[in-house]
Structure formats: structure tokens, C-alpha cells
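A short write-up of the structure that comes next.
The values are calculated or read from the model by the stated rules, or taken from the named source; none is laboratory data. This is a predicted model, so every value here is computed, not measured. All Cβ positions, even for glycine, are placed from backbone atoms using ideal geometry, and neighbour counts span all protein chains on display.
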Amino acid sequence: MMEILNQVSTLVKQNYYDPALKSIDWKNAVDAARQRIRNADNEGDMTAAISSLLSRLHDSHTYFIRPYRLQPVIFGFDAKAFGDVVRIFEIMPGGPAEAAGLRCGDRIAGIDGFVANRKLIDDEMRYFEYLDPRLSLTLRIMRGENTPEDYVVNGRQPATSSREFVKTYKEYKEQYIKGIANPSITEEAEGIEYLKFPTFMIPPPKADSVLRQAKNASALILDLRNDGGGRDDTLQEMASHFFDQPTEVMLAVGRDKKEKLVVKPKHPEFTTPLFVLVDSHSGSASEILARILQLRKRATILGDVTAGKVNLGHWFGGTGGAIYEIPFGLSITVARIVMPDGLELEDRGVVPDISCIPTAQDLQAHRDVCLDQAMQLAQQAVSKGAAVNTSVR
């Protein structure tokens with residue numbers, strides 16, 4: 001782990017977009033991480049030491065991918081910010097969270113004594129499940145006006161779980177991956193197409209193919225919720241279908257150069273009313289697409305403020321160890337992203353034109369109130385035969 005720390009430190013110094021590393025005393029920071037590794041008595045704490053070093057840069061696309069020797073812990077729930085609060089939005093059937101009595105819509109006020117809020121929740125869950133896994137979590141839960149109550153979720157690891165649980169988890173995970181791996185398009189009402197686009201990690205031809213399925217739409221709803229972003233070329237492909245002239249999408253400002261991403265119109269060109277759904281887990285490429293559509297008054301953006309995780313990261317890797325080599329990964333921000341209006345979305349996000357925040361009751365009843373609202377607007381636009389006016393923020 002000492003060897004991995006040294007490699008991580010060097011890679012960041014050589015490749016981070018800001019050569020000054022945001023004026024951090026990098027040598028002292030690395031020394032502190034080294035001392036923490038010396039004092040650690042388990043691999044999880046050593047991994048956390050390296051991750052904590054990178055977190056000092058406060059950069060969404062600079063983070064450590066630990067060696068795959070530690071088994072992650074399965075707690076069986078997903079949580080994210082809805083407005084200013086954190087709520088559980090998905091629970092694995094037959095999983096630890098369900099056994100502990102948790103419900104969709106529950107508000108998480110704290111995790112193991114740490115405050116859970118919009119800025120911290122994703123890093124906290126990554127830490128407890130992945131970087132320094134622990135077998136139980138104590139969640140401070142708030143339900144309506146009730147007094148906050150602690151719930152203990154006893155996590156499971158595949159290697160020490162029953163075959164029945166492993167099978168249940170595998171089926172749940174396969175269904176989850178299926179939902180986030182591929183875009184899908186359906187006709188929600190006559191002339192109104194709904195495009196769920198869960199990731200920009202797909203290749204551009206696949207994005208082009210799914211858009212072509214909606215070429216005759218009278219209105220299009222583009223769902224970028226829970227879309228953490230992905231490939232720049234796929235972003236370029238998507239954006240090219242929504243503008244009738246060459247359009248600057250973003251400026252990437254790196255250590256040694258600046259590079260503009262300009263898209264040219266591509267057929268089919270969508271001129272119909274466009275409604276884009278975003279939430280607190282819409283990140284990176286999905287935020288950039290939503291914002292440029294908003295800036296050019298090409299779409300109405302609905303939902304929650306986006307993640308504010310926009311900078312451009314590249315992947316690096318290496319190995320540590322002598323007799324047994326242990327591979328690790330690393331994402332490093334090589335450029336900061338500036339939008340055409342001169343503003344940056346990093347740590348800020350896209351503010352929607354129309355705010356839509358599901359309530360605890362909506363989540364518990366599995367009601368998609370934001371999609372319903374987008375459908376109403378789309379139907380109004382189709383009936384009027386013109387796009388709804390938008391106000392740019």
C-alpha cells in the first residue's frame with residue numbers, strides 16, 4: 001500500500017489539470033497518508049488513507065479505485081438527495097435493509113454518527129460499502145413528524161452468505177445493471193416519445209440508433225435521472241441531434257491547452273418540444289447536455305439540481321507489491337469544464353427551469369411525479385403545436 005500511495009501521488013502531480021494542486025501542501029498531505037498507513041491494522045483503513053489524500057482536492061473526477069481484495073458489503077438500499085434531504089429510493093427485496101425495517105422514502109439524517117446531507121451522501125456510501133467496508137451501519141432515520149430513530153443494517157458479503165442470498169442478490173443486481181446499461185424508448189402517448197438514457201458510457205452509434213427511433217415524435221421527453229455521465233463522443237453525438245447549426249457545447253481547460261467541443265447538426269434533427277428530466281444523480285455528460293440545451297433555450301429542464309460533478313477525468317492504473325502484484329485504478333481530472341456562458345458546473349450543478357422533488361409518500365408508492373409533470377407539459381405543447389417557453393437560469 002505504501003508503494004501504491006507513492007504511485008498515486010506521482011500520477012496526480014504529473015497529470016492533474018492544475019500543476020499547483022490547488023495550493024495544497026502535497027508533500028505534507030502525502031506524508032500524513034503515509035503515516036496513516038503505517039498506523040493502520042487493516043487494508044480498509046490503508047485504502048481510506050489514499051482515498052482521503054485525493055479527497056483534499058475536492059474534485060469529483062479525482063478518486064482512488066482500490067485493489068479488488070476487499071469484498072464490498074451489501075446493505076441492500078440506494079439513497080440520494082431529493083432537494084435538501086437524503087432519502088432511500090430503492091430497497092433490495094429480501095436484503096439487509098428490508099430486514100432492518102427500512103422503507104423507500106425514509107429520510108437519512110445520519111450514518112454511523114456522520115451527518116448525511118446532499119454534499120456528503122455519495123462519498124459516505126462509497127466509503128462504508130467500498131473503501132473501508134464494515135458489516136453494519138447505523139442509520140438515523142426520520143419518518144414524517146416522528147422522532148428520529150436509529151436502525152442497524154447488518155450487511156452481507158457474498159463469500160460468507162448463503163447460496164440463496166447470493167442468488168437473490170445476483171438476480172437483483174442483474175436487473176439493476178440491465179436498467180442502467182441500455183437506453184430505451186417508448187411511446188407514452190400519441191406522438192410523445194419517452195427516452196430513458198441512463199448512461200453516456202454507450203458508444204455513439206448506439207445513441208444515434210436509439211434517437212432515430214424517435215425521429216417522428218411530436219414531443220420528446222429525455223430522462224437523464226441517475227445518469228452519471230460517460231463518454232465525450234457520446235455527449236457529442238447526443239447534442240448534435242438537437243441543434244440546427246454548429247454549437248459550442250463546452251470548453252475543456254487543461255494543464256497545457258484549451259479545447260472546445262463544437263457539435264455540427266446531424267439528422268435526424270429534433271425540432272419538436274423537448275423536456276429533460278434531471279436529479280441529484282445526473283452528473284458529468286448528462287449535466288453538460290442539460291445545461292447547453294437550457295442555455296440555447298432548446299429544452300425545458302425539470303427535476304432537481306444536478307450533481308455538480310462535471311470535470312473531465314482520465315483513467316490511470318498501476319500495481320503494487322513485489323511477490324504478488326496488486327492492481328489499482330485511479331481517475332484524475334485532466335481538465336476543468338467551462339460552459340459557453342463562462343460559468344462552471346463543478347460543485348454547482350444545473351438548476352432546473354421547473355423544480356420537481358418527489359416526496360417520501362411518492363417514493364414509498366413508487367409514483368413518478370416528475371415524469372407525470374413532463375408528460376403534462378409535452379401534451380400541452382403538442383396540442384398547441386409549439387414549444388413551451390423556458391426561462392434560463
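Structure notes:
A quick yes/no check of all residues on (1) at pLDDT below 90; (2) in the same structural domain as residue 128 (by TED's automatic domain parsing); (3) surrounded by 13 or more Cβ atoms within 10 Å (Cβ to Cβ):
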| residue | (1), (2), (3) |
| --- | --- |
| 142 | no, yes, yes |
| 145 | yes, yes, no |
| 165 | yes, no, yes |
| 168 | yes, no, yes |
| 173 | yes, no, no |
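- Residues of region 176-213 that are among the charged types (D, E, K, R), over 15 Å from residue 286 (Cβ atoms) and in a strand (DSSP E or B): 187, 188, 193.
- Scope region 246-284; condition within 29 Å of residue 191 (Cβ to Cβ), surrounded by 16 or more Cβ atoms within 10 Å (Cβ to Cβ) and in contact with a Lys or Arg (Cβ under 7 Å, 6 or more places away or on another chain); matching residues: 247, 274, 277, 278, 279, 282
- Selection status of residue 357, in a loop (DSSP other than H, G, I, E, B) and at pLDDT below 95: no
- Some residue of region 104-120 being in contact (Cβ under 8 Å) with a residue 12 or more places away in the chain, more than 20 Å from residue 280 (Cβ to Cβ), touching a strand residue (DSSP E or B) at 6+ places or on another chain (Cβ under 9 Å) and surrounded by 20 or more Cβ atoms within 10 Å (Cβ to Cβ): no
- Taking the listed residues 4, 88, the one that is at pLDDT below 95 and buried (at least 19 other Cβ atoms within 10 Å of the Cβ) is 4, with no other qualifying.
- Filtered residues of region 68-85 (kept if modelled with pLDDT under 75 and buried (at least 16 other Cβ atoms within 10 Å of the Cβ)): 70
- For region 311-354, a residue qualifies if it is part of a loop (DSSP other than H, G, I, E, B), surrounded by fewer than 18 Cβ atoms within 10 Å (Cβ to Cβ) and in contact (Cβ under 8 Å) with a residue 40 or more places away in the chain, and the qualifying residues are 321, 340, 341, 347, 348, 351.
- Within region 128-162, considering residues that are in a strand (DSSP E or B) and in contact (Cβ under 8 Å) with a residue 40 or more places away in the chain, the one farthest from residue 45 (Cα to Cα): 151
- Scan region 22-54 for residues that are surrounded by 15 or more Cβ atoms within 10 Å (Cβ to Cβ) and either among the aromatic types (Phe, Trp, Tyr) or within 26 Å of the chain's Cα centre (by Cα) (or both) and the total you get is 12.
- Per the listing 155, 229, the residue uniquely buried (at least 19 other Cβ atoms within 10 Å of the Cβ), of a type in the set (Gly, Ala, Ser) and at positive phi is 229.
- Any hit, region 317-335, residues being aromatic (Phe, Trp, Tyr) and out of contact with any Lys or Arg (no Cβ under 7 Å at 6 or more places or on another chain): yes
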